[in-house]
Amino acid sequence: MAAARVALSKSLTAVTSRGAATTRAFSSFPDYVLRAPTTDVTTLDNGLRVGSETIVGSETATIGVWIDAGSRYETAANNGTSHFLEHMAFKGTAKRTQQQLEVEIENMGGHLNAYTSREQTAYFAKVFKKDVGRAVEIISDILLNSKLDADAIETERKVILREMAEVNKNQEELVLDHLHATAFQGTSLGRTILGSEENIQSLTRDDLVNYIKTHYTAPRMVIAGAGAVDHAQLCDLASKHFANLPKAAPGGVEIAMEPAVFTGSDYRVKFNSESVAHMAIAYPTASWTSEYAFPLMLMQIMLGSYDRAHGLGKNHASHLCQDVAENELAYSLNTFNTCYKDTGLFGVYAVVPDNKVDDCSWYIMNNLIRLVHTPTDAEVERAKVSLKAAMLMNLDGHNNIADEIGRSLLNYGRRMTPAEIFSRIDAVTTSDIRATAYKFFNDQDHALAAVGGIHELPDYTWFRRHSYWLRY
């Protein structure tokens, strides 16, 4: 296994060390990969980064701001603030009422939206080419001049509480929130994006204002654009409308990210009246920038996803999905690979009949640990093709491209080209898959969350014992 780890290190650095061999590999890529539009990046004097991809012939553009400010950067006292601010951004500014903002966007034929994740918040607009300047001005207005009216705050409390009720009805979201809460208990990564009900009821205008002052600083923000965008124009617009962004938080103190500390544990909520179990098991893995990132992506493809309503069934390429289909073990199953700045979670979420939970658990663990010992070259090559296709399909549409630019600049400090991504995928070998699986799965602690009819669900020690094979 030490040899496998050496092989992993060698192959994952191959993209930068092979020289002429890399050039030959690049030349074998399809033309649409080699001729992909470039991403222009400029850093302004205040530290704000501007990234864009111009698509020739496009008449629409997506423009947005991505911020290093998610629930991960909150404390137990102000958890939920990022998401609360996302709601408040559209409720009026010093220049525009809520109605004026909505009418202006509609008159442009545009679309304004936002989202909050554990590590980032994004505000973006899709508009016609001629309205790019207005879109940048509107986004700067809602971000920097939001009115945060007291009546609007009270109204949004009720809206967010209703949203929380809807989220709690979605068993997959609920289970994955429980999974984070138990895996990273006692740390900010374990808290939910929406925040606790108590926080939603108690957050004040001062809390929101203080959060903006400390987190909405230029070096923590990226302006990204895709489509009918001129990079020089976008830089000029950013300089004009975001010139007053502070370079640092008040007092010059940089906001620190609380380290993610994994705790092997489980969280179970049993309902004897339920005939379905929703379960997720996961292992702590690697960050966005880790050398293990691409092997983990391929492993996610290799384990695959299954839905009984779809047609593949027993003919599925994934061994795990074949086992599930042949034995009718689950209604659906999904392998997830979630990366953060300093850690990750890799695991399987399944919706299982209550009388198949024990069997499904065995097959999940068996297929996870099989990657340590017997992944095949054919599986890996198939996963490479699927991953390349998924990477390219994720770039369909200006929204997706702008989102990738924003997230890439925040996570990597740059954006990888399709050719580089393809090279990194091709550099992964079957030995790398075994070494990665050995590092993160073999005889390692896990986190588990399950809700519903889970009377058959084995205990923590059972899963722990099945995290390795005894082979002589």
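Laid out as a table, the results:
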item	result
GLU274 - accessible surface, heavy atoms, 1.4 Å probe, Å² rounded to 10	90 Å²
Point-charge dipole on Cβ atoms (K/R +1, D/E -1) for the chain, about Cα centre, debye to 20	1140 debye
Ranking by accessible area, most exposed first, for PHE90, PHE29 with a 1.4 Å probe	PHE90, PHE29
Straight-distance crosslink candidates among aspartates and glutamates, where the alpha carbon sits under 15 Å from LYS130 and sequence neighbours closer than 8 are dropped	GLU59, GLU104, GLU106, ASP230
Accessible surface of VAL103 - all protein chains present, 1.4 Å probe, nearest 10 Å²	60 Å²
Charge tally in the Cβ shell below 14 Å around LEU296, where Lys, Arg are +1 and Asp, Glu are -1, LEU296 excluded	+2
Per residue Cα convex hull volume in Å³ - calculated over region 170-216	103 Å³
Radius of gyration and Dmax over the Cα atoms of region 254-357, both given in Å	16.3, 54
Folded to 0 to 90 degrees: helix 398-411 orientation relative to the chain principal axis, Cα	80 degrees
Rounded Å value of the spacing that divides the Cα centres of region 407-421 and region 206-239	18 Å
Segment HIS111-ALA165, extension gain: residue separation times 0.36 nm, minus the distance between their alpha carbons	16.8 nm
Degrees, to the nearest 10: 2-12 long Cα axis against longest axis of the chain	30 degrees
Dipole-positive endmost among HIS316, CYS339, TYR306 within region 280-375 (Cβ charges, Cα centre)	CYS339
Dipole magnitude (debye, nearest 20) for region 322-472, charges at Cβ of Lys, Arg, Asp, Glu	600 debye
Long-range tail of P(r) for the chain (Cα pairs > 28 Å, %)	57 percent
Estimated dipole of region 295-376 in Debye, rounded to 20 [Cβ of Lys and Arg +1, of Asp and Glu -1, Cα centre]	240 debye
Contour minus Cα-Cα distance for GLU258 and ASP377 (0.36 nm per residue)	38.9 nm
Of all accessible heavy-atom area on the chain, the percent that carbon and sulfur account for (1.4 Å)	51 percent
MET164, MET88, ranked by accessible area, largest first (probe 1.4 Å)	MET164, MET88
Accessible area per residue in Å² at 1.4 Å probe, computed on region 369-419	42 Å²
Residue order for GLU420, GLU163 - accessible surface, 1.4 angstrom probe, largest first	GLU163, GLU420
Dipole of the chain [Lys/Arg +1, Asp/Glu -1 at C-beta], most positive-end residue of ALA165, ALA152, VAL428	VAL428
Set of aspartates and glutamates with alpha-carbon distance to LYS213 below 18 Å, sequence-local pairs under 8 removed	ASP68, GLU74, GLU86, GLU119, ASP141, ASP149, GLU254
Cα gyration tensor, region 340-440 - rounded (a/c under 1.5), prolate or oblate	prolate
Gyration tensor (alpha-carbon) shape descriptor, region 136-197, a/c threshold 1.5	prolate
Calculated [θ] (222 nm, deg cm²/dmol) that DSSP helices of n ≥ 4 give over the chain, each run adding -39,500 (n - 2.57)	-13500 deg cm²/dmol
Exceeding the 23 Å Cα-Cα cut-off - candidates LYS270/LYS356; LYS91/LYS169; LYS158/LYS341; LYS356/LYS388; LYS126/LYS384	LYS91/LYS169; LYS158/LYS341; LYS356/LYS388; LYS126/LYS384
Calculated FRET efficiency for the pair ALA389/LYS314, C-beta based, R₀ 25 Å, to 0.05	0.65
Among HIS278, HIS231, ALA293 - extreme Cα towards positive end, dipole of region 162-301, charges at beta-carbon	HIS231
In degrees, nearest ten, helix 430-440 long axis to first principal axis of the chain (Cα)	80 degrees
Region 23-124 shape via C-alpha gyration tensor axes, a/c threshold 1.5	oblate
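The values are calculated or read from the model by the stated rules, or taken from the named source; none is laboratory data. Every value quoted in this text rests on a predicted model; they were computed, and no experiment measured them. Positions of Cβ are backbone-derived with ideal geometry, glycine not excepted, and every protein chain shown enters the neighbour counts. Accessible surface is based on the protein model in full, side chains and every heavy atom, while ligands, DNA and RNA are left aside. Shrake-Rupley method; radii C 1.70, N 1.55, O 1.52, S 1.80 Å.
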